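One structure is given here, and the rest of the page talks about it.
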Amino acid sequence: MARHPSFRLNLGICLLMLALAFTFMAGGLPPGRVAASMDHLLTFSPWVGYFQNADLHPNYLNGDIVSQQLPWRTWAQDEFGAGRFPLWASGPLGGYPIFANAQSSVLHPLHLLWILMPVGAGFGIILALKLWLSGVGMWALLRAQGLHPSGALFGSLGLMFSAYIVNWLPWNLSSTYLIFPWLLWSVYVWWTTRSAYTLALLVLFVAIAVLGGHPETLFIMGVATAVWLAGLLLTGLKDRWLLKIGALVPAVVLGLGMGAVQLLPF
C-alpha cells in the first residue's frame with residue numbers, strides 16, 4: 001500500500017530533526033560521556049582543597065545539573081528500583097522530598113523514560129529528545145496552518161536551536177516549554193476543524209506541561225496561548241466560537257487537574 005506524500009514528508013522531516021538533535025548532543029552521548037559540567041564537583045570537598053579556584057571556572061554556574069538534576073533522577077531511579085514510589089530520598093541532609101519537589105518532575109514522560117536508562121548516559125539522550133519534540137511540535141503547528149514545507153522546516157529548526165531552548169535545555173524550563181507548540185497546534189486544529197481527538201490531546205499536553213515542574217514558564221505559555229486564541233477569534237474564525245471556547249475551558253481545567261497530582265504530597 002503506497003504511503004500518502006504528506007506522510008512521507010512528515011516522516012522524513014521528523015527523522016531529519018531527530019538526527020540533527022542527536023548530532024547536536026553528540027558530545028554528551030554514550031559511551032563514557034555525560035552532558036553535564038562534572039567539573040563542578042571540584043567546588044565540593046574533598047576536591048575543593050586541591051582546586052581552590054574552581055569557582056572561577058566558566059562552568060561553575062551550571063552546577064545545578066550536578067547538584068540537583070542528576071541526583072533527582074538517581075534517587076527516583078533507586079526508589080522505583082526498590083519497588084517504592086519516589087516520594088522521599090532518605091540520604092541527603094537527613095532526607096529530601098522528590099515527588100513533592102515540583103522541579104524534580106518525577107512524572108514527566110521524558111523523566112519516566114529516563115528511569116529506564118543509566119542516569120549519566122541517559123542525560124544526553126533526554127536532552128536530544130527535548131530538542132526533537134520541540135521541533136516536531138513546531139512543524140505540526142506550522143504545517144497545520146498551511147505553511148510551505150521549507151518555511152515550516154525553517155521555523156521548526158529555529159525553535160529547536162533557539163537560545164531559550166538550548167540555554168535552558170538541562171533544566172525544567174525546557175521540559176515545560178517544549179509542549180508550547182503542541183498546545184498551540186491542538187488549539188488551532190480544534191478551532192478550525194473541531195476534531196475531538198485534538199481536544200483530548202490538549203488535555204494531555206496541558207497535563208504534561210504542568211508535570212514539567214516550572215510554573216513560571218507554564219504561566220507564560222498560558223498567557224501566550226490565550227493571546228493566540230484571541231487572534232484566531234479576531235481574524236475571522238468565529239463560527240460557533242462559544243461552543244469551541246466552551247469545550248476548550250474544561251479541557252484545560254482537566255489537564256491542569258491531572259498535572260496537579262504533584263500537589264498531593266503537600
Which one of the conditions (1) of a type in the set (Phe, Trp, Tyr); (2) over 23 Å from residue 194 (Cα atoms); (3) in contact (Cβ under 8 Å) with a residue 40 or more places away in the chain does residue 168 fail to meet, given that it meets all the rest? (3)
Return the only residue of 143, 84, 73 being open to solvent by 40 Å² or more (accessible area, probe 1.4 Å), charged (D, E, K, R) and in contact with a Ser or Thr (Cβ under 9 Å, 6 or more places away or on another chain). 143
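So for the range 123-131 (the condition being part of a helix (DSSP H, G or I) and more than 26 Å from residue 103 (Cβ to Cβ)), does at least one residue qualify?
no
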With the condition kept exactly as written, say whether any residue in the range 180-203 is farther than 18 Å from residue 251 by Cα and within 15 Å of the chain's Cα centre (by Cα). no
Residues of the range 223-264 satisfying the condition of being without any contact (Cβ under 8 Å) to a residue 40 or more places away in the chain, surrounded by 10 or more Cβ atoms within 10 Å (Cβ to Cβ) and not in a helix (DSSP H, G or I): 238, 239
Of the residues that make up the range 184-207, is at least one part of a loop (DSSP other than H, G, I, E, B) and of a type in the set (A, V, I, L, M, F, W, C)? no
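Please go through the range 119-142 and give me each residue that is of a type outside the set (A, V, I, L, M, F, W, C) and closer than 18 Å to residue 179 by Cβ, ordered by number.
Our first condition is that a residue be of a type outside the set (A, V, I, L, M, F, W, C); within the range 119-142, this holds for 120, 122, 124, 130, 134-135, 137.
Selection gives 130, 134, 135, 137.
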Going through 164, 96 one at a time, which residue ends up being of a type outside the set (Lys, Arg), in contact with a strand residue (DSSP E or B) (Cβ under 6 Å, 6 or more places away or on another chain) and surrounded by fewer than 21 Cβ atoms within 10 Å (Cβ to Cβ)? 96
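The values are calculated or read from the model by the stated rules, or taken from the named source; none is laboratory data. Model, not experiment: these values are computed from the prediction. Glycine also receives a Cβ, built like all others from the backbone with ideal geometry; neighbour counts cover every protein chain displayed. Accessible surface areas use protein heavy atoms only, side chains included; no ligands, DNA or RNA. Shrake-Rupley method; radii C 1.70, N 1.55, O 1.52, S 1.80 Å.
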